[in-house]
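> The structure that follows is given in the form of C-alpha cells.
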Amino acid sequence: MSVAVEMKAIKKSFGANYVLKGVNFTLEKGSIHALLGENGAGKSTLMNILGNVVLKDEGSIIIDGKEIDQLRDQKVITGKIGFIHQELSLVNDLNIFENLYLGSELKKGFLLDKKTMESKSKEVLTRMGVNIHPNTLVGELNPSYKQVTEIARALLKEAQVIIMDEPTASLTDVEIEGIFKVIQTLKEQGIAIIFISHKLNEVIQICDSYTILRDGDVVATGKVGPEITERDLSTHMVGREVSSDDIYSERELGETVLEIKNLSREREYKNINMYLRKGEILGVTGLLGDGRTELFASVYGANAPYEGEIVVNGQAVKMNNTNTAKKNKIGYVPKNRKENGIVPDLSIKENLVLPIMKDISSFGLISPQKQNSLTAQYVKKLNIKVSDTKNKITSLSGGNQQKVVLSKALCIDPKVLILDNPTQGVDVGAKMEIYRQIISLAEQGYSFIVLSNEVPELQKTCDRVYVMFNGEVRHELLHDEMDEETIMLIATGGSIAE
C-alpha cells in the first residue's frame, strides 16, 4: 500500500514548551490510522501542522511523495488535507449545499449557481452512501449527519486525507455505526483517515493502525490486530510516571448534602445515581461525550427538563432554572472559561461580582464600597495575583482568570460547587494552587463535584470518583483505587474485571 502522508522528525515548541520532540508519522492511502494520546501529548499540534494551521520548527512533510513547503505550498495542503474539528463549523440556518460551498460559492454571471451546487453536493453525498437531500437545513440534522456534512465538504474539495478529531464524541451507538459505514466507504475509495479518539474500543473496531504520542514523543506505533487490546493501548497512553506531588488529604465527611436519583435526559445521560457528602470532593470522569457536562448542567438548573430526582439536604427539588440552584446553595464553574466564564470587556472586579449585582446595589446603582470589599476578600482568599482590579480580566494569566471564575461561584455562598474542567488552560503551578484552594475549602465544609478527564487532577483532590461511559455511570472508585490505566479502561467501555 502506498504512502499518503509522511511526517519526519517534526519538532515544535511554544516558547520554552517543547510540544513535539522529533515525531515521525506515516499514513498509508486507503487506511484508517488512529492517533492516540492523553490531553497535552501533542496530537493536536501535530495535526495542526499537517493541516497547515501551525508552522513546524523542524522536520519534513511529504504528501503523495513530494516534500511540502508549508508557506509555498499552502494550496496543495488545503486541497489534499481535510480537517474536521471536534467543534463543527457549520451554519445551522443554511442548508447542506450552502454549507458545503460556504466561502467558495459557484456563480452563473452575477447570481449564485444553486442548481450546480445542489447537484454536485448530491453527488458527494451519494458517493458517501448517504441518502439525504442537499436542500435539508443543517439545523434540522442530527449530530451524525452534521458530521457527514463536514466530511462531504472535505470531499468536495477533493481531499485525499481526512483528519477526524473525536468524531463520535456526541453520537449515540446507532449514529456511530452510521459514521463508521461512511468511513469504511471512504477507505474503500482510497481516502486515508486519521482517527483521533479516546474511545479505544472504537479504535480496535475500525482502525487499521495506530500511533501513540506521550509528552511530544511517539511511544508506540503498529497495526491493529487480534493481539492488540484496549489495555495495551491505554498502558502506552498513560505509561509515564505519575507526579509524586500528592496534596490529597483525608477529611472527616458530614451528612449527605446532594443526591441524584435515577436521573435521565433524552439521549444525554440515563439512570444516574450519585451522592455527595458535606466536605467531600467527588470526581466525575470519562471521555468527551460521556454525558457528565449535560448531567450537571441539569443539576444546576441549566438543562431541563429531566426525569428522576435531585435531592438537596433531604428535600427533592425541581431544578427548572439556575435561580433555583442558587437558592439551594449550588454554585457552578462552567467548562469553557472564555465562552461562559468571563466577560472579556469587563474589569476583574466587575466580573467577580456579576452573580450578586442585585445584592450589592441600591436603586439600580452598584455600591462601590461593597464591590471593592468583596473583591478584596476573594483576591486574598484565593490568592489572585492582580495589580489593579479595575483592569480588564483579560489582563490576568489563565490561572488567575480561573480563580476569578471560581470566586464568582463562591460569592453566592454555596454549599455545593460544581466545577467543570476547573483547571482548563492553566499552567502546572496554577493548577497546584487551585487544587490546594479546593482542598482548603472542603476542609471548611464546602462540598465539590469536580468534572475532569485529567486523572492526576482527580488523584490530587478527590475522595471518590464516578467513571462514566456513553451517558451511564460504569464504576465508582475510592481514592486509593484511582489509577490512570483503570480509569482509561472503564472510560473507553472496558471492564476492570478483564
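The values are calculated or read from the model by the stated rules, or taken from the named source; none is laboratory data. Worth saying up front: this structure is predicted, and the values here are computed from it rather than measured. Backbone-built Cβ (ideal geometry, glycine too); neighbour counts: all protein chains shown. Areas reflect the complete protein model, heavy atoms only, side chains present, ligands, DNA and RNA absent. Shrake-Rupley method; radii C 1.70, N 1.55, O 1.52, S 1.80 Å.
> Quick check on segment 42-64. Is at least one of its residues touching a helix residue (DSSP H, G or I) at 6+ places or on another chain (Cβ under 8 Å), of a type outside the set (A, V, I, L, M, F, W, C) and open to solvent by 60 Å² or more (accessible area, probe 1.4 Å)?
Among the residues of segment 42-64, at least one is touching a helix residue (DSSP H, G or I) at 6+ places or on another chain (Cβ under 8 Å), of a type outside the set (A, V, I, L, M, F, W, C) and open to solvent by 60 Å² or more (accessible area, probe 1.4 Å), which makes the answer yes.
> Tell me, please, whether a residue that is open to solvent by 10 Å² or more (accessible area, probe 1.4 Å), in a helix (DSSP H, G or I) and modelled with pLDDT under 90 can be found in segment 206-224.
no
> Restricting to segment 120-135, name every residue that is open to solvent by 60 Å² or more (accessible area, probe 1.4 Å) and either more than 22 Å from PHE180 (Cβ to Cβ) or not in a loop (DSSP other than H, G, I, E, B) (or both).
If the condition is that a residue be open to solvent by 60 Å² or more (accessible area, probe 1.4 Å) and either more than 22 Å from PHE180 (Cβ to Cβ) or not in a loop (DSSP other than H, G, I, E, B) (or both), then LYS120, LYS122, GLU123, THR126, ARG127, HIS133, ASN135 are the ones that fit.
> Moving on. In segment 442-463, what count of residues is obtained for those that are more than 16 Å from THR423 (Cα to Cα) and assigned to a helix (DSSP H, G or I)?
2
> Right, next: Condition check: under 28 Å from the mean Cα position of the chain (by Cα), assigned by TED's automatic domain parsing to the domain that holds MET432 and free of Cβ contacts under 8 Å to residues at least 60 places away in the same chain. Does GLY331 satisfy that?
Spelling it out, it is not the case that GLY331 is under 28 Å from the mean Cα position of the chain (by Cα), assigned by TED's automatic domain parsing to the domain that holds MET432 and free of Cβ contacts under 8 Å to residues at least 60 places away in the same chain.
> Further question: Within segment 2-23, can you find the residues that are open to solvent by 60 Å² or more (accessible area, probe 1.4 Å) and touching a Lys or Arg at 6+ places or on another chain (Cβ under 6 Å)?
Scanning segment 2-23 gives a single hit, SER2.
> Moving to a separate point now. Give me the residue from segment 136-162 that is open to solvent by 20 Å² or more (accessible area, probe 1.4 Å) and polar (S, T, N, Q) and, out of that set, farthest from ARG267 (Cα to Cα).
GLN160
> So which strands (runs of 3 or more DSSP E) stay within segment 16-115 end to end and still have 3 or more residues that are more than 24 Å from the chain's Cα centre (by Cα) and not hydrophobic (A, V, I, L, M, F, W, C)?
17-28, 58-63
> Oh, and also: Where in segment 244-332 are there strands (runs of 3 or more DSSP E), lying fully within it, with 2 or more residues that are in contact with a Gly (Cβ under 9 Å, 6 or more places away or on another chain) and open to solvent by less than 30 Å² (accessible area, probe 1.4 Å)?
So the answer is 256-265, 269-277.
> Another question, if that's okay. Filtering segment 166-203 down to residues that are among the polar types (S, T, N, Q), open to solvent by 20 Å² or more (accessible area, probe 1.4 Å) and modelled with pLDDT under 90, which residue is nearest to LEU36 (Cα to Cα)?
The residue in question is ASN201.
> Restricting the search to segment 50-102, which residues are within 20 Å of SER144 (Cα to Cα) and among the polar types (S, T, N, Q)?
GLN86, SER89, ASN92, ASN95, ASN99, listed by residue number.
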